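Working notes for the structure below.
Readers should treat all values here as calculations from the given coordinates under stated rules, not as data from a laboratory. On a predicted model such as this, the values are computed, not experimentally measured, just so you know. Methodologically, a virtual Cβ is constructed for each residue, glycine included, from the backbone with ideal geometry; neighbour enumeration extends over all protein chains shown.
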Amino acid sequence: MLAGQWAERREMHGRIQALQQVAQSTVMGLKGISEKHGFLPYAAARHPDVLALLERPADRELTGRVNRDLRELQQRTNSAALFVMNAAGLTLAASNWNTAGSFVGQSYQQRPYFQQALQGQHSYFYGVGLTTGAPGFFIAEPVHKGGTVVGVMVVKVSFDELERSWADSPDPLLLLDRRGIVFLSSEPQWLYQSRSALSSDDLDSLSRSGQYGARTSYPKLPWQVQPVTGTSAYALQSQVKSQERTLLALEAVLPELGWTLVVTSDLSSVAQARTEALALAALLVAVMLLGGLYWRLHERRFAEQRQAKLDLEQRVQERTHDLEQAQAFRKAMEDALPVGMRARDPQGRIIYVNRAFCDMVGYSTDELLGCEPPYPYWHPEELDSYRHDREASMVAEARPYGFESRIRHRAGHDVITRVYTAPLIDTQGRNQGWMSSVVDITAQKQAEDRQHDQERQLQRSARLASVGEMASTLAHELNQPLMALSNFAVAARTIAAKAQMEVLVAALDDIVEQSQRASEIVQRVRGFINPRRGSYEDCDVHAVIHHSMALLKSELERQSITVKQHLREALPRVRGNRVLLEQVLVNLLQNAAQAMQDLPVAQRAIGIETQLLERAVQIQVSDAGPGMPEALLERVFSPFFSTKPEGLGLGLNICRTIVEAHGGHITVANRAGGGAVFTFTLALNV
């Protein structure tokens with residue numbers, strides 16, 4: 001009996017080890033399929049044409065281009081289908097658009113993989129196709145736009161090849177979903193049967209999603225199960241290919257997919273080993289001669305086990321080769337992508353780059369792998385920005401909508417990129433680093449800059465054309481009489497000084513000062529019309545504001561207007577023309593005062609506020625008047641447009657021209673509490 005028990009335990013242990021190896025290799029194969037195709041929807045979801053199609057679904061040319069691109073990806077990856085849906089679940093483009101079972105125009109919003117992806121999750125789902133009726137493995141990836149999920153990219157993978165390989169297995173293999181339903185099996189009669197009775201909620205959910213077609217019932221598996229003491233395996237008795245068999249079953253869980261793998265082996269060999277041990281032990285006690293026969297039988301069993309082990313090792317090698325092939329395929333696909341890919345570990349060390357990224361920065365893979373910040377392609381002028389973005393990534397604040405970054409190519413020229421960063425999470429939910437997608441947008445940025453420069457130049461030329469002739473005439477006509485007035489005032493001051501008429505001297509001093517200031521303004525206006533005559537200097541914005549307030553002090557006091565200033569401390573100086581900037585502020589303050597003439601004295605208030613933006617200083621002038629009619633907001637800066645009967649309509653137009661000459665822009669809007677607010681910016685380092 002002891003010999004029989006020992007042989008039984010030994011055989012059982014060997015069988016369980018063999019099952020564990022089979023389960024491990026099968027799980028690796030399933031994960032290999034998932035990983036091989038899991039990257040495909042992630043990459044396709046970031047294709048510019050896919051994002052454009054979700055914004056313009058009616059664009060037929062764009063739809064055709066995306067259909068063809070998806071078909072090419074499907075053919076290259078040997079997947080069953082690849083399609084993209086909008087946020088409502090409607091399929092906009094698919095790799096099978098030109099077949100009878102096309103997904104285009106079909107709605108799959110009831111599918112769990114769509115609902116999970118719409119919530120921003122990378123989801124997996126196995127089920128029967130609603131359109132084709134063919135089962136498959138669906139992998140869904142959300143399509144992001146500006147931090148919002150605007151669609152879902154899905155790849156469908158067929159398990160036909162896996163089913164064919166399982167059909168040749170002498171012992172049953174099967175896969176169960178999270179509800180315990182068999183959805184893949186080498187034994188056809190067990191398909192779509194459940195380990196236990198399903199609840200009404202599960203049946204309703206399966207019916208709504210159509211996961212396994214139009215089935216309404218899932219019979220219980222015809223199994224008789226008995227656990228094997230001291231192990232995780234169990235004995236399973238059932239009909240297999242119309243024969244009653246007792247199997248040793250072992251389960252392996254795939255938590256990321258929600259599946260349970262069941263591998264089996266014939267249990268009769270265990271009972272046979274026990275019987276053989278009993279017989280051999282009895283014969284050994286009876287006749288020593290039978291020891292030789294027992295030894296030969298034992299050697300034969302050992303040879304069979306050794307052969308089984310060799311066969312198993314060969315299967316493991318084949319599975320390993322398949323995984324290596326899948327890895328090589330993924331590497332080739334990543335190198336073929338036009339988007340640069342870069343992975344870093346938690347310490348910021350570069351652990352992966354693809355070919356597109358190396359071409360973008362001009363360094364080879366060997367030169368980049370293992371690099372720690374600062375990286376060799378960092379731009380010397382952007383070091384603070386790089387450190388900020390890296391720190392944001394390390395505290396899980398990576399911006400999903402991406403950010404612009406300027407890098408320095410090894411050859412010395414600048415490259416403008418847009419970077420998208422996401423954390424790398426392993427199966428235990430731990431952060432193993434960050435993966436960044438880097439897109440070269442240098443040509444796009446250059447085109448945008450050229451377009452903006454041309455638009456600004458055209459706008460400025462148009463405004464100068466409308467006011468240039470008048471300003472030049474004004475400067476020419478006023479300059480000579482003003483200078484004559486200055487000369488007469490100097491002479492009068494000299495005569496009055498000899499007569500010791502102090503009051504007259506002081507008055508004439510004011511005349512000289514104001515006439516010289518008028519001449520200076522005329523010269524500044526002429527310099528503004530002809531930029532070669534302009535004079536720019538470093539200006540203190542707060543000093544310009546204080547001097548403009550001083551010029552209007554008497555007028556503001558006469559109208560009982562209160563000025564509330566909110567000036568930011570330590571503003572950097574700007575490069576500009578002080579007199580022209582004062583003209584802008586004086587004009588805006590006078591307009592604000594005129595807008596409040598009909599208000600009670602207690603309500604008359606002007607607000608002046610300064611702020612420091614990223615590359616400019618912002619100044620706001622607000623009043624408590626009636627505001628501007630919405631229909632006139634777009635016309636206030638047009639030449640010769642005025643809401644005042646006596647106005648010429650040139651003040652705000654000149655203000656805009658002055659501000660734009662200083663590298664800024666000016667806008668107007670109505671305040672929520674009443675009144676209007678004028679906002680203009682002055683560029684730093686003009």
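Structure notes:
- Counted charge near residue 258, where neighbours are those whose Cβ lies closer than 9 Å (Asp, Glu -1; Lys, Arg +1): -1
- Paramagnetic label zone (point 7 Å from Cα along Cα-to-C-beta, residue 220; backbone N under 16 Å) in segment 170-204: 180-182, 193-200
- Taking the average, over residues, of other Cβ atoms within 10 Å as the packing measure, peptides 581-589, 24-32 rank 581-589, 24-32 from highest down.
- Relative contact order %, segment 45-158, counting alpha carbon pairs below 8 Å whose residues are six or more apart: 25
- Label-point separation, residue 382 to residue 555 (7 Å along Cα→Cβ), nm: 4.7
- Relative packing of 343-349, 629-635, which averages over residues the other C-beta atoms within 10 Å, highest first: 343-349, 629-635
- Rounded to the nearest angstrom and listed largest first, the equivalent-ellipsoid semi-axes of segment 45-158 from its Cα gyration tensor are 19, 17, 12.
- Segment 163-212 pair-distance distribution - Cα-Cα, 5 Å bins, rounded %: 4, 20, 27, 21, 13, 8, 5, 1
- Under the simplified labelling scheme, the residue 603-residue 87 pair shows an inter-label distance of 4.1 nm, with each label point 7 Å from Cα along Cα→Cβ.
- Within segment 202-319, the proportion of C-alpha pairs whose separation exceeds 24 Å stands at 56%.
- Segment 561-620 - percent relative contact order, Cα under 8 Å, separation 6 or more: 52
- The slack in the chain from residue 244 to residue 191, taken as 0.36 nm per residue of separation less the alpha-carbon distance, amounts to 17.3 nm.
- Translational diffusion of segment 245-292, estimated by Stokes-Einstein from the Kirkwood radius over alpha carbon pairs at 25 °C in a medium of 0.890 mPa s, is 179 µm² per second.
- Pairs of Cα atoms farther than 18 Å apart, segment 337-440, %: 44
- Once the Cα-Cα distance is subtracted from the 0.36 nm per residue extended length, the residue 301 to residue 6 segment shows a gain of 104.7 nm.
- Proxy reagent accessibility, fewest Cβ within 10 Å first, across 166, 6, 295: 295, 6, 166
- Mean projection area, nm², convex hull over Cα of segment 1-95: 8.8
- Phi to ³J(HN,Hα) by Karplus 6.51 cos²θ - 1.76 cosθ + 1.60 over segment 673-684, Hz, x for Gly, Pro: x, x, x, 10, 9, 9, 10, 9, 10, 10, 5, 7
- Distant-in-sequence amide contacts of residue 563, defined by a placed amide H-H separation under 5 Å and a gap of 5 or more residues or a different chain, comprise 606.
- Förster radius 35 Å - calculated FRET efficiency between residue 615 and residue 336 (Cβ-Cβ, nearest 0.05): 0.35
- Using a simple spin-label model with pseudo-atoms 7 Å out from Cα toward Cβ, residue 455 and residue 59 lie 1.8 nm apart.
- Mean separation of Cα pairs under 8 Å and 6 or more residues apart, divided by the residue count, gives segment 301-394 a relative contact order of 17 percent.
- Stretched out straight at 0.36 nm per residue, the stretch from residue 158 to residue 266 would grow longer than its current Cα-Cα span by 35.9 nm.
- Kirkwood-type hydrodynamic radius, segment 538-683: 15.6 Å, calculated from all non-identical alpha-carbon pairs.
- Interchain or long-range residues, amide H under 5 Å from residue 97's placed H: none
- Cβ-Cβ FRET estimate between residue 425 and residue 201, R0 fixed at 35 Å, reported to 0.05: 0.70
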